[in-house]
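Peer 1: Handing you a structure now.
The values are calculated or read from the model by the stated rules, or taken from the named source; none is laboratory data. Because the structure is a prediction, the values reported are computed rather than measured. Cβ placement follows ideal geometry from the backbone for every residue including glycine, while neighbour counts extend to all protein chains displayed. In case anyone asks, the SASA skips ligands and DNA or RNA and just uses the protein heavy atoms, side chains included. Shrake-Rupley method; radii C 1.70, N 1.55, O 1.52, S 1.80 Å.
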Amino acid sequence: MASKSELIIPFDDFFQADRKPAEFANMLGDCFARRGSLGVECRKDAFRVSLRASSNLGSGVKVAGNWRGPDFESTDFSHAGTKLFLPFLFEISEINLSHAQIFTLGHSYRSLADFFMRNLLLSLCRDEALDIDGSGQEIVDDGVVRNFQRQYFYIFKTLFPEPVLEKRHARESIDFMQANAYVPVMDFQNPLLRLGAEQLRATCLSRSGQKSQEQLLKGLHQARQKMMAHFSK
Amino acid sequence: MTSRPFFSIVTVSYNDAWSMMKTARSVFEQSFEDFEYIIVDGASKDGSTALMQFWQAQGLVNKAVSEPDTGVYDAMNKGLRLASGQYVCFLNSSDVFAHSGVLELVHDVLKDGQSDGALGWGELNDQIWASWIEDEAFKMASLGFCHQSLYVKRELLLEHPFDDRKFKTDSDTLQLGRLFGAGARIPIIAEPLAKRGGEPGISADAERTKISIRATLTEEYEGLSDQDANDIIDFRRSCTDPDRIVGFMKRQDRYLARHVAIMVLDTMFQKSSVKLSEEMCDKLMRTALEVLDSDSQFDSVEAVERLRLCQMEREAALRVAATAKRDLDRAVAKFQSEESRRIEKLYSAAVLKPDRTPTDLVISLTSFPARLKTVHFAIRSLLEQTCRPKEIHLWLGKDEVPGARWLPSRLRELEEHGLKIHFADRTFHQYDKFMHNADLNDRSPFVIVDDDVIYPPTALESLYDAHQKYPDAIIGNRCHWVAMDDAGGTLAPYQDWTREVALAAPSERLMPTGAGGVLYPKGFLTAPEVTDQELILSNAPYADDIWLKICAMARGIPTFATNLSNKGQWYHRYTPSMRDGTLMATNVDRGLNDNQIQQCLKWLDDVRPGWAEDLRQGEVA
């Protein structure tokens, strides 16, 4: 029996292993059988998990969402070290994985959020090509997207047990991971992460060096506006 | 040859023993251990020397001096001369490290020996000083600088000591500016490394600070008049007369103009700049950027980008803190409804009745800022008891909680139900529970409780009933069995004591712990040694429970454990997010309890030589 090609998953269910719909296993089986691809998209009220019958093998992992900071572009993530930082710099609301990019099948004790983020992380570790769409995604529920990001962090932290990540709460660590792409606020033990962070900082700095006075001023105004919001509360 | 420690941590203090305890604790808790700890005291009269001796006896403080000095910078220079570490950090009394991994983090940055030092950020009252520039402009006007987060090579600091003239309050920023001016490489670590104490220091004296900074400005910048300096200081503090500041940036003196420009950019991210119009902000920042861009010696793009990124990071940190506060509020609200339901059930099951038995029990507890949002739960549970206490006193230190308007409304509401809230001039931390009102114990039995326990409705009744039966004994709802070593000559380590035991009769072998509530019979706390600060600081600075037990042993007073003292789940502690700042980590994990017990026993040997024999007899009882 063919599985459904689309599942709508309430936000809460998406993050809980015991609420993973039974149909998902069939969908996953079909994905492999038909050499297709699986996608997840955060919509206004729920997550949509969809199966496509075919995948364009050789194309990259597709992610869509919004940049958390203004300074990076798709081309800046050229190797695994930098790619691993992407989910800290880019709030992902959509992921599309071809059957060849699914490495872990989603054990019963793991949620759907875990399934997608774990496979994304493993793809990034394997230096799979990336197709990043950060152009004008509709902002869905910010809290849900951040929970999804936090899921990535938890898996990341298990795979890369960096001491600097042990001392902070998840949200704080994620902010520091983002900051580290701009200024050296963390020192990683893992050479891949160290290299990735250094490269992102170098990219950021070289791009900064090309900025005009007007661009610098605009950046200061934007940063100041955010800061003043704390003081006017 | 003895190798030099990597860090020298120096604490300067004067008549501030109780705040120094907080500072030292944060030093002892560091995960990185290659450092020496030095205390420079200005001949205090408040027991500081006893405390320093206690730490030295434990091997926690490497060097300590107590002698008169001419001020804080004189003392800091003295500490510098005593230091032998490669890098020196000044963490003065009442300041603390931001977390236990600070030295480890700074070591990671400095270990390759390429830098002359490192400068992190600092926190004070939920605000963050976010240093962003590595430039001698620091001496212009304290650019978001926290000296507690600065680590510099000792030799370099000796070449540029603090200006210790008596009126100076900004010698730290001046020193940092001079270090940068001399070409020191001190990279910024964009993370809070220290929290400044809440107590007002010398820099809180606005007029004195103005005099000091004015002297710095007129001495360091040629041609700057007193009036010019005042204008710069006023702008820095409250953004007054911004057009005049624009004028400074257009002066011919490029050195001055550059420093003013950097000061302006920093000020634009401070709270004081909220009042400026968007147009004025744009004018100030535009002028500052032009000044920096025109200086060929200065990489303006790098500096401005660094400012922007650091401020984004600071904003993110403030956001995290705001979120944590909201999360705590939510947790408290959820807990509140659970508590209300629990109390309702107690009334509906007639466990609690409106006409409860009055008692003459005086209850006393203390709290601190991190617990203020939740302490009302503990107090509420003490008001909802099967017997009614005569009084409940909450003691807070003004240096931590300045006054009633800092208190949450749920706590203040309890004043209507008889809670008395007191503000002591200085906090004695956990000793606040009885240091200020021990005299009340002259007339009434005195119950000491903790601020993070929901007491079961029979907790007071249980203490009171046992007190009626054993009026001369100490009564505890949660007691440990004090273990002795195999020879019976002294006490076994704290971790070998049996937890939460009850016996049929009072015994000297029982030690009550505050978590269950402890009743002291009339006259116990009024004995002079109980509240003697010198004795406390030299024997048990971090453990009031142990000190009170030792005082009881000194007078042969036994303890009775109520039947609540068994390994039940009767007391209900708050959720982890609501239990910030617990003492347990220091006392138990670091073995400080054992250190304090051993220290106390030395004192006990003097005042009651036969204590061990009495304790062994307690076993028979």
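Peer 1: Give me the inter-chain shielding for B:170-183: mean count of other chain Cβ atoms within 10 Å, whole number please.
Peer 2: Values: counts 0, 0, 0, 0, 0, 0, 0, 0, 0, 0, 0, 0, 0, 0.
Mean shielding count: 0.
Peer 1: Sticking with this one: Which percent of the accessible area of chain B is formed by carbon and sulfur heavy atoms (probe 1.4 angstrom)?
Peer 2: Answer for chain B: carbon and sulfur cover 49 percent of the accessible area.
Peer 1: For the stretch B:251-304, what does the equivalent ellipsoid look like in terms of its semi-axes, each the square root of 5 times an eigenvalue of the Cα gyration tensor, given largest first in whole Å? Please report the intermediate quantities before stating the final value.
Peer 2: On the way: eigenvalues 84, 24, 19 Å².
Three semi-axes, in Å: 21, 11, 10.
Peer 1: Right, another one. Considering the dipole of the protein assembly as shown built from charges on the beta carbon (Lys and Arg +1, Asp and Glu -1) around the Cα centre, which of B:PRO493, B:LEU105, A:PHE90 is farthest to its positive end?
Peer 2: Of the options given, the answer is A:PHE90.
Peer 1: Another one. Kindly report the accessible area of the protein assembly as shown per residue (heavy atoms of protein chains, probe 1.4 Å, no ligands, DNA or RNA), in Å².
Peer 2: 41
Peer 1: Could you tell me which GluC sites (Glu not before Pro) in the stretch B:1-54 are loop residues by DSSP with no more than 15 other beta carbons within 10 angstrom of their beta carbon?
Peer 2: B:GLU33
Peer 1: Return the lysines within reach of B:LYS602: Cα separation strictly under 18 angstrom, same-chain partners fewer than 8 residues apart disregarded; answer none if there are no such residues.
Peer 2: Qualifying lysines at Cα under 18 Å: B:LYS549.
Peer 1: Over 21 Å between C-alpha atoms is what I'm after, so list which of B:LYS22/B:LYS398; B:LYS390/B:LYS522; A:LYS157/B:LYS22; B:LYS390/B:LYS420; B:LYS275/B:LYS325; A:LYS83/A:LYS157 land there.
Peer 2: Going by Cα-Cα distance, A:LYS157/B:LYS22; B:LYS275/B:LYS325 fall outside the 21 Å limit.
Peer 1: For the stretch A:6-229, what is the charge dipole size about the Cα centre, in debye to the nearest 20, if Lys and Arg each add +1 at the Cβ and Asp and Glu each add -1 at the Cβ?
Peer 2: The dipole magnitude comes to about 280 debye.
Peer 1: Go through the stretch B:178-281 and name the GluC sites (Glu not before Pro) that are in a DSSP coil and have 15 or fewer other Cβ atoms within 10 Å of their Cβ.
Peer 2: B:GLU222
Peer 1: Could you compute how much accessible area chains B and A hide from each other, both sides summed, with a 1.4 Å probe? Nearest 100 Å² is fine.
Peer 2: Summing both chains' loss of accessible area gives about 3500 Å².
Peer 1: Set Lys and Arg Cβ to +1 and Asp and Glu Cβ to -1, take the dipole of the protein assembly as shown about its Cα centre, and tell me which of B:CYS551, B:TRP18, A:LEU217 lies farthest positive.
Peer 2: Towards the positive end, the residue furthest out is A:LEU217.
Peer 1: Given a cut-off of under 8 Å on Cα pairs at least six residues apart, what relative contact order in percent is computed for the stretch B:350-620?
Peer 2: That works out to 21 percent.
Peer 1: I would also like to ask the following. Can you give the Rg and Dmax of the stretch B:350-620 based on its C-alpha atoms, in angstrom?
Peer 2: Spelled out, the Cα radius of gyration and Dmax of the stretch B:350-620 are 17.8, 56 Å.
Peer 1: I would also like to ask the following. Please state, to two decimals, what the Cα-based radius of gyration of the stretch B:86-235 comes to when divided by 2.2 N^0.38 Å (N = residues).
Peer 2: Cα-based Rg divided by the globular estimate yields 1.03.
Peer 1: Before anything else, pin down the relative contact order of chain B: Cα pairs under 8 Å, at least 6 apart, normalised by residue count, whole percent. Spell out each step's value before the answer.
Peer 2: Working: 1129 pairs, mean separation 66.5, N = 621.
Over chain B, the number comes to 11 percent.
Peer 1: Checking the cross-link filter: which lysines have an alpha carbon closer than 16 Å to that of A:LYS218, excluding same-chain neighbours under 8 positions apart?
Peer 2: Excluding near neighbours in sequence, the set is A:LYS226, B:LYS283.
Peer 1: Then there's this: Given charges of +1 on the Cβ of Lys and Arg and -1 on the Cβ of Asp and Glu, with all other atoms neutral, how large is the dipole of chain B about its Cα centre, in debye to the nearest 20?
Peer 2: 1540
Peer 1: Starting from the Cα of B:LYS111, draw a straight line to each of the lysines and keep only those under 21 Å, dropping any in the same chain fewer than 8 residues away.
Peer 2: Output for B:LYS111: A:LYS167, B:LYS153.
Peer 1: Per 20 Å bin from zero, what fraction in whole % of the C-alpha pairs of the protein assembly as shown is there, up to the bin with the longest pair?
Peer 2: Values per bin, smallest distances first: 13, 37, 35, 14, 0.
Peer 1: Right, another one. How large is the charge dipole for the stretch A:34-120, taken about the Cα centre, if only the Cβ atoms of Lys, Arg (+1) and Asp, Glu (-1) carry charge, to the nearest 20 debye?
Peer 2: Here the size comes out at about 440 debye.
Peer 1: Something else about it: Would you check the accessible area of B:PHE428, probe 1.4 Å, heavy atoms only, in square angstrom rounded to 10?
Peer 2: That residue has around 30 Å² of solvent-accessible surface.
Peer 1: Looking at B:THR357, A:ALA229, B:ALA466, which one has the Cα that reaches farthest to the positive end of the dipole of the protein assembly as shown (charges on Cβ: Lys, Arg +1; Asp, Glu -1)?
Peer 2: B:THR357
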